[in-house]
Amino acid sequence: MFEMNRRTFLKVSAGATAAAAAAPSVLRAMENELGGKDIGPVTMAERQAIPLTCHVCNIQDGAIAFVEDGRIVKLEGNPEHVSTRGRLCAKGNAGMWYTYNPDRVLYPLKRVGARGEGKWKRISWDEALAEVAEKVNAAHKQDPNTIMMKYGRDRTGGAIGRFITTLGSATVVNHTSVCESSKKIGMQPTWGPDIETPDFENTKYILNFGSNIMEAAYFHNPYAQRITEGVAENHAKLVTFDTRLSNTAGRSDEWIPVLPGTDGAVALAIGHVILREDLQDTDFIDTWCNVSTAELKKHYKQFTPEWASKLSGVPVETIERIAREFAQTKPATTYTYRGPAKHLYGSYNEKATMMLSIMTGNVEKRGGYCLPRGMGYNQPEPMPPKPAKASYLASHPDYPLAEHKVSHMTPFWIAEGKQKINVYFTYMDNPVYTNPGAQAVWGKLFRDEKLIPYYVSISTVIGEETALADIILPDCMYLERWEPESMPNSLWPWLGIRQPVIKPLGETRETRIILRDLIHKIDPNGSKGMKKYWNFKDGEDYMRQQFDTIPKLKEAGGLDFLKKHGCWPIYGKLNPRTGKISDNTGREIQAEFGLHMKELSAADMAGATVDGHGTIRKNGNAIGVRRNGRNFVGFGTHDRLINIRVEEWAKYGFNPMPTFKQIPWHKELKDDELILGTHKFNVHVQSRTASVKWLAEIAHSNPVWLNTETAAKIGVKTGDLVRVESAVGHLVTKAYVTEGIHPKSCTIATGCGHWEYGRLSTLNLKNGPEFGGTDDADLNNVWWEDKGVHPNVIIPAVVDPIGGSQGWFDTVVKVTKAGPDDKYGDAEGDWEKHHAAAKQTMRYAYTGDLHRKMHPEMASWGGAGSVKED
Amino acid sequence: MTTAVLEGVINAEAELSDGELVAECKARANIYRILSGAFLEEPTAEYLQAIRSPEVMASLRGLGAAFGPDFTDAPIGQLQEELAQEYAVLFVVTGGCPAVESIRLYGRFQQQSFFEVRKIYQQAGFKVSGGRFMVFDDQLGAELMYVAAMLDRAAVALAGGNRSDYVETIKSIKRFWALHLGKWVRGYASLLGRATEYSFYREIAKLLGSFAEWELGLLGVRVDDVDGGKLKVPLAEIEYESDSNEPVCNACEKGQPGKGKSAADQLAIDISLIEERLQRKK
């Protein structure tokens, strides 16, 4: 007879845990079993499941759309996707409301009133394309570069670039300067790629500078999963330097608040301690870098913790402790996003932070700081040739290192007559809302028909920018179109697709179809030599040309494989029970590490030469680097080494070595001055999601965050109206008083405060009626009355003279109690003041008068003239 | 014409001969088509000329329509242009009020009603195609045109002595009103009449509302209009939790206990702009 009482039971139970865990199990959570399938609760029938790549934001999660009776009823993660592993964020889950949005534009529209007046006429596609073709033809005769394309989020797989190049124009500008360009430029010349892919899952220490990676930064879904695994299962320590207590900072082992713009100084000081205490990986530095350990030690002597502490407010002992922890914990990795990079000299900050992973030898190690793994796809042939002439706006001579362009300065340069524009195309872009100066700057540009004589918007909705267009060509939503995808958002490369889940609503057309039809209208008989580059039947045909010839994928079924699975991982497949990549036998496949150490074959080496630095060259290209008698592929730089010293920077009078420049106007902050930042909600992208009801309900207002101490000085508490005033404008919003922000900083979330973009974004009824009928519970639940305030109108343009980035976090403001004339939601800026700020920031360009003053260490530089002669 | 007057007409003509019923079906189909033409797409010059013909104007006046000089006196070309712009503002551009059942009842395009009406059309041997622009199956113009076609069919059946087909066809029209048109067009008509700045759409909206009432009475269909065409969105009486320390929502007055507006203020979202437009018209 067993003796069963609570005490013996507990003992038995504790002792039996291991055996119980080893026993076979047949009961699993339904959500795992049902991944990729869904049942209609009313019909009890399995819903049609169509895999695709999400495109609410740019993380590119694997998704599945469930369709019932022709209607998209649900979205969830694709359990076959190697990066996102069946998880889809809130934005992705809400994605179908983009498609069914009652404010969508479903037909071509032609402006009939003044720009921005809101008067439109519906026209046929034939009429629309004929009108645009006529304008393009006239512009083309004058100068192809007067035809401009500016895009926000181009995931067409090359169609946008093909279009503008077909027209012979080089005036194509992206949105990257308001996004992450100085992060890219901080990294590219140093190690080749413009982004890192840390192995968070296997790391032991994560040093995070200015990234809210758990919820909003680039690749937040796949990275948040792996950071969670790293922290929870691998006991990694997560340390976050940020001005704001973001949810990532809140989930970190340590949040260390820094004064905005000083992360770079902190990183350099951490490097100083590592090198001073000989904690660096000497072998790695001396083998793979173009600067020796000895040189590096000498260079870093100047960056003392005391110096950095004074600048950043981070205590000396904290800097020293973190330095020791980071260097002595293996493996470890750094990570950054906009925090360090979105400043004047953001490129220096990015470089300073990545140096920590380099000097500790954590590069391309399991658990370390890895190169991105992406996959390419083909472009349909033939391709149009490159344009004959460069474009001022697309390759500005004052910013030669800003490879990702300086698009946020476009209005000023057009207004100054630097480049004539006749026809302006825009695609998935909304700078009137998303750029510095917002309506005060971009609104003025688009309203002026002398500056922009003809403006074509390819858009899905009438947002702040499209409201000012002359003609709107209605684009498909992402659930209605074909697009190729590949993102380095994990260590397992993959190719994926977006495919139409339903037929496009109304008369909307896929972007590449719009562009093809336009080219066919411009060059109907092919006599202009343009039509031949647009030879495809439809979106699917274009994609077949991109995917059906890729080795291995071709054997797996090419595009047909992707239509069925959504994603093609080149290694094995995802095991939904473990979340690991497995081969056909179920055995886990580890990610590859040490990509730079892949050895060149004898065939590769045939005809190659090796120079004094070990760089292996063939046919004029650097193909590898010789180390210890072995021939490795090395890194993607000009000499296949990690370039701690970037010679090209020196050419333009910038410091080629890791360095830091304090924002000049932050040096003498007055007592009543704060540095304004912006941050992103986890449920919103910059401008496109305020019209999505599920997301708008979660986040719709954006008070200014103020530190408790700061708020006490001003005499405000949470909910009080405050006036936030910069040199270029002011806004009135509410205060949110918290300990979770640096006392000399304040921040306002983006994504709110729309004045266009549909009835839900603007929370007014414009010229239309209420939201809809009374049957819709979602609509009945529109309970909020606050749409928030948009901060960009009071943020002036700042350009990192190296990377071209907008300095989003450099604006000095005064926050005061709102006055009697201040009204919640006021947001005003002044074109003249913004223009003056733009001129001021150009003084920091290598051609500007402040450049040399900011770089006394580059006294031997020959000046801008020497570069031009060169 | 008011609803009361129309009801009088129904009562007076409750008992009609087959010949009279055939004529009535045809007359009703014509009204459906006139209304359909106003919603399917921007009015063409031919359509406007036809409406402005003395005979049609007299008929419409007889029904109570009172078009203003902006419709009756403007040159056709100008009128067509102005109405095309008004059509875009009302039915096409962001922030308008598309005449689409899915939007009115579900707040988004291509929802349940779209698929339901498509199935009904298919069962009756129709599909939506043609026209200058693509039209949703549950667009008001398409729904009205379907009923017009069914009335034609009923008239043919009756004229051919096929009474059972006639009865079945009328039943399917009744079902269509009960399941679709009856649920939204009266409220929508009321809203449209107030939202437009042109007498053409205002009178068409009035005609639509009155005609809907009349048809429902004639068909003996009792169905609540769930669109309502209300300017103000009723807020659900929901309880929600708020955390004053929550940065996402704490800026909302309503998110803070005891700081909310009055109960009356909480009943609606800001509609000042449309109210302004309506005031301006007065």
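The values are calculated or read from the model by the stated rules, or taken from the named source; none is laboratory data. Values in this document were obtained by computation on a predicted structure and should not be read as measured data. Note that each Cβ is placed from the backbone with ideal geometry, even for glycine, and that neighbours are counted across all protein chains shown.
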Could you name every one of the helices (runs of 4 or more DSSP H) located completely within the stretch A:303-358 that has at least 2 residues being in the same structural domain as A:Tyr205 (by TED's automatic domain parsing) and touching a Pro at 6+ places or on another chain (Cβ under 8 Å)? A:316-328
Can you tell me which of (1) closer than 27 Å to A:Pro372 by Cβ; (2) assigned by TED's automatic domain parsing to the domain that holds A:Ile471 is the one A:Ile519 doesn't meet? (1)
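For (1) among the acidic types (Asp, Glu); (2) within 25 Å of A:Glu857 (Cβ to Cβ); (3) out of contact with any Gly (no Cβ under 8 Å at 6 or more places or on another chain), each residue gets a yes or a no:
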site	(1), (2), (3)
A:Arg251	no, no, yes
A:Glu254	yes, no, yes
A:Ala269	no, yes, yes
A:Thr282	no, no, yes
A:Tyr300	no, yes, no
A:Glu306	yes, yes, yes
A:Glu325	yes, no, yes
Of the residues in the stretch A:630-673, those that are more than 26 Å from the chain's Cα centre (by Cα) and in a strand (DSSP E or B) come to A:Arg630, A:Asn631, A:Phe632, A:Glu673
Could you pull out the residue among B:Arg118, B:Arg108, B:Arg61, B:Arg104 that is charged (D, E, K, R) and touching a Pro at 6+ places or on another chain (Cβ under 6 Å)? B:Arg108
From A:Leu706, A:Leu695, residue being within 14 Å of chain B (Cβ to nearest Cβ), part of a helix (DSSP H, G or I), touching a helix residue (DSSP H, G or I) at 6+ places or on another chain (Cβ under 8 Å) and over 23 Å from A:Val799 (Cβ atoms): A:Leu695
Spot the failing condition for A:Ala130; the list is (1) more than 10 Å from chain B (Cβ to nearest Cβ); (2) among the aliphatic types (A, V, I, L, M); (3) within 30 Å of A:Pro488 (Cβ to Cβ), and only one is missed. (3)
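Scan the stretch A:58-96 residue by residue and report those that are within 8 Å of another protein chain (Cβ to nearest Cβ) and either in a strand (DSSP E or B) or buried (at least 24 other Cβ atoms within 10 Å of the Cβ) (or both).
Residue satisfying the conditions is A:Arg71 alone.
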In the stretch B:116-157, how many residues are of a type in the set (D, E, K, R) and either part of a loop (DSSP other than H, G, I, E, B) or crowded, with 23+ Cβ neighbours inside 10 Å (or both)? 5
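Is it fair to say B:Arg104 is part of a helix (DSSP H, G or I), on the phi < 0 side of the Ramachandran plot, of a type in the set (Lys, Arg) and more than 8 Å from every other protein chain (Cβ to nearest Cβ)?
Details: part of a helix (DSSP H, G or I): yes; on the phi < 0 side of the Ramachandran plot: yes; of a type in the set (Lys, Arg): yes; more than 8 Å from every other protein chain (Cβ to nearest Cβ): no.
So B:Arg104 fails the test.
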Which one is nearest to the chain's Cα centre (by Cα), of the residues in the stretch A:416-436 that are touching a residue at least 60 places away in the same chain (Cβ under 8 Å) and farther than 24 Å from A:Lys342 by Cβ? A:Phe425
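Assess whether B:Glu101 counts as being crowded, with 24+ Cβ neighbours inside 10 Å and of a type in the set (Asp, Glu).
yes
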Select from the stretch B:72-81 the residues that are closer than 24 Å to B:Ala99 by Cα and touching a helix residue (DSSP H, G or I) at 6+ places or on another chain (Cβ under 8 Å) and write down the one among them that is surrounded by the most Cβ atoms within 10 Å (Cβ to Cβ). B:Leu79
Right, B:Ala50: within 14 Å of chain A (Cβ to nearest Cβ) and closer than 20 Å to B:Ala148 by Cα or not? no
(1) under 24 Å from B:Gly209 (Cβ atoms); (2) within 12 Å of chain A (Cβ to nearest Cβ); (3) not aromatic (Phe, Trp, Tyr): which one isn't true of B:Ala154, the others all being true? (2)
Taking into account only those residues within the stretch A:709-723 that are farther than 14 Å from A:Thr747 by Cβ and not in a helix (DSSP H, G or I), which is farthest from the other protein chains (Cβ to nearest Cβ)? A:Gly715
Would you tally the residues in the stretch A:99-127 being at pLDDT below 95, at the interface with chain B (Cβ under 9 Å from one of its Cβ atoms) and within 32 Å of the chain's Cα centre (by Cα)? 7
Residue among B:Gln111, B:Gln122, B:Gln139, B:Gln85 that alone is away from chain A (no Cβ under 12 Å) and either free of Cβ contacts under 8 Å to residues at least 12 places away in the same chain or within 18 Å of the chain's Cα centre (by Cα) (or both): B:Gln122
On the given criteria, is A:Ile642 buried (at least 19 other Cβ atoms within 10 Å of the Cβ), under 30 Å from A:Lys814 (Cβ atoms), in contact with a His (Cβ under 9 Å, 6 or more places away or on another chain) and in contact (Cβ under 8 Å) with a residue 24 or more places away in the chain? no
Restricting to the stretch A:99-126, name every residue that is hydroxyl-bearing (Ser, Thr, Tyr) and touching a helix residue (DSSP H, G or I) at 6+ places or on another chain (Cβ under 7 Å). A:Thr99, A:Tyr107
State which residue is farthest from B:Trp214 (Cα to Cα) when the search covers only the stretch B:34-71 and only residues that are buried (at least 17 other Cβ atoms within 10 Å of the Cβ) and of a type in the set (Ser, Thr, Tyr). B:Tyr47
Starting from the stretch A:281-304, take each residue that is under 22 Å from A:Ala265 (Cα atoms) and list its partners that are of a type in the set (Gly, Ala, Ser) and buried (at least 17 other Cβ atoms within 10 Å of the Cβ), counting only C-beta distances under 8 angstrom and pairs at least six apart or across chains. A:Asp281/A:Gly361; A:Ile285/A:Gly361; A:Tyr300/A:Gly271; A:Phe303/A:Ala265; A:Phe303/A:Ala269; A:Phe303/A:Gly271; A:Thr304/A:Ala269
